[in-house]
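K.L.:
Pasting a structure below so you can have a look.
The values are calculated or read from the model by the stated rules, or taken from the named source; none is laboratory data. What you are looking at is a predicted structure, and each value in this text was computed from that prediction instead of being measured. In this analysis, Cβ positions are derived from the backbone assuming ideal geometry, glycine residues included, and neighbour counts consider all displayed protein chains. Accessible surface is based on the protein model in full, side chains and every heavy atom, while ligands, DNA and RNA are left aside. Shrake-Rupley method; radii C 1.70, N 1.55, O 1.52, S 1.80 Å.
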Amino acid sequence: MDSKCYIGVDCGGTKLSSAVFDSQGHMIIEDKLLLKNASGKEVSDLMLKLILTMIDSAEKRHLDVLSIGICIPGIVYHENGNVWAPNIPGWDNYPLMSDLKKTINKDIRISIDSDRACYILGETWLGNAKGAQNAIFVAVGTGIGAGILIDGKILRGHGDIAGATGWLALQRPYDKKFDSCGNFEYFASGDGIARTAKEVIASLHDYKGKLNPESLRSEDVFEAYQHDDIAAIKTFDICIELWGMAVANYVSLFNPEKIIFGGGVFGPGAQFLPRIMEEAKNWAQPISINQVKLEVSALDKRAGLIGAGRLAMLNT
């Protein structure tokens, strides 16, 4: 057996997940730690503890750890390895790379990237975009972000913020309610689905469905849709239109071969992919829209962890 291996770490808002990968993508060892409301350096220390445990476990199996890839739920500044993660208190331009390098063996290379970048790396390695050189992962969760792979390279942009597509402008005129999260995200993210449903219910003066606007979650709207609830139907009519317009913009700008939908919210949205494509065809460049396929993530909640493993391998 090949003794070379790679460590992937997925940092979420509530826990750290890690795995040791071989070169084929098999997870040899797995472990996790709960964050338990940790913040700032406490999170960095927990990550370091988990990584050192994984290195020790690998060495006991006579495996040689070549590199480590880390998936962060936010922005990674590649010039200095600092990170910004809105769901982790104290991680506002936090020097994560510097922290880790102080302790980890200098012969083991460390790479850090955003969750959306890791999602598309994972999906093109072992998921439904396997082998693609031009692909996009649309992560529909609390917000909306896109991991964009162009000609085999992650698109990061001037300030490492490329892919913040929750801010896509998909309608006019501008409304001040978009200030905090952007037009696309306001309506069609996880939180957006609930917001949209509340606005729809308010417009239906004779609404007699079961959705309670005081405690709405996206899961409730998906459930109500299965029972032909009028507010849920109208909500997803809006979301499908916006998801389709976004797909059209991705296709016209980047000409990908695959667009993968995933994230913590989108799972039940798989049923809408044909309608999303139908809507996208109204808006997209007519040749490139017929060159793309829409898929749902094959990796689900492990996309970030698998992508972190791939990040490690690519940066050996």
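K.L.:
With a ≥ b ≥ c taken as the square roots of the eigenvalues of the C-alpha gyration tensor of the range 41-150, please select rounded if a/c is under 1.5 and otherwise prolate if a/b is larger than b/c or oblate if it is not?
P.N.:
Note, shape of the range 41-150 comes out oblate.
K.L.:
Taking amide H positions as placed 1.01 Å from N in the peptide plane, with prolines and chain starts having none, which residues 5 or more places from Lys4, or on another chain, fall under 5 Å of its amide H?
P.N.:
Asp64
K.L.:
Additional query: Need the C-alpha centroid separation for the range 51-69 versus the range 174-248, integer Å.
P.N.:
Each part reduced to its Cα centre gives a spacing of 45 Å.
K.L.:
For the range 120-137, just list the computed ³J(HN,Hα) in residue order, Karplus coefficients 6.51, -1.76 and 1.60, θ = phi - 60°, integers in Hz, with x standing in for Gly and Pro.
P.N.:
Per residue, the Karplus-derived 3J(HN,Hα) values read 6, 5, x, 5, 7, 8, 10, x, 7, 10, 3, x, 5, 9, 9, 8, 10, 9 Hz.
K.L.:
Let's see if you can work this out: charge +1 on each Lys and Arg Cβ, -1 on each Asp and Glu Cβ, no other charges. What is the dipole magnitude of the range 94-156 about its Cα centre, in debye to the nearest 20?
P.N.:
Using Cβ point charges on Lys, Arg, Asp and Glu, the range 94-156 gives about 200 debye.
K.L.:
Pull up the DSSP beta bridges for the chain and report the antiparallel fraction as a percent, rounded to 5.
P.N.:
55
K.L.:
Relative to the longest principal axis of the chain, what angle (0 to 90°, nearest 10) does the C-alpha long axis of helix 41-60 take?
P.N.:
60
K.L.:
Of the cross-linked pairs Lys153/Lys176; Lys4/Lys101; Lys49/Lys153, which ones have a Cα-Cα span greater than 26 Å in the structure shown?
P.N.:
Check vs 26 Å cut-off fails for Lys153/Lys176; Lys49/Lys153.
K.L.:
Are there any chymotrypsin sites (Phe, Trp or Tyr not before Pro) in the range 89-194 that are in a DSSP loop and have at most 15 other Cβ atoms within 10 Å? List them by number.
P.N.:
Tyr174
K.L.:
Continuing with this model, one more query. May I ask for the angle, rounded to the nearest 10°, between helix 230-254 and the longest principal axis of the chain, with both axes built from Cα atoms and the value confined to 0 to 90°?
P.N.:
Taking Cα atoms only, the helix is inclined about 60 degrees.
K.L.:
Ok, one more. State the Cα centre-to-centre distance between the range 108-139 and the range 22-46 in whole Å.
P.N.:
What the calculation gives is 18 Å, centre to centre.
K.L.:
Could you tell me which Cys residues in the chain have no other cysteine's Cβ under 4.7 Å from their own Cβ, answering none if every one has a partner?
P.N.:
Singleton cysteines: Cys5, Cys11, Cys181, Cys239.
K.L.:
Only helical DSSP H runs with n ≥ 4 go in: add -39500 (n - 2.57) per run for the chain, normalise by residue count and round the 222 nm mean residue ellipticity to 500 deg cm²/dmol.
P.N.:
It lands at -11500 deg cm²/dmol.
K.L.:
Now, a different point. Could you do me a favour and compute the accessible area per residue for the chain, 1.4 Å probe, result in Å²?
P.N.:
Spelled out: the 1.4 Å probe surface of the chain, per residue, equals 48 Å².
K.L.:
Separate question: Is the shape of the range 246-316 rounded, prolate or oblate, going by the alpha carbon gyration tensor and its root eigenvalues a ≥ b ≥ c, with a/c under 1.5 for rounded and a/b larger than b/c for prolate?
P.N.:
Oblate.
K.L.:
Among Ile120, Met277, Leu46, flag the residue with its Cα farthest along the positive direction of the charge dipole of the chain, charges on Cβ as +1 for Lys/Arg and -1 for Asp/Glu.
P.N.:
Comparing the listed Cα positions along the dipole, Leu46 ranks first.
K.L.:
Over the chain, what percent of the accessible surface lies on carbon and sulfur atoms, probe 1.4 Å?
P.N.:
Here carbon and sulfur together make up 49 percent of the probe-accessible area.
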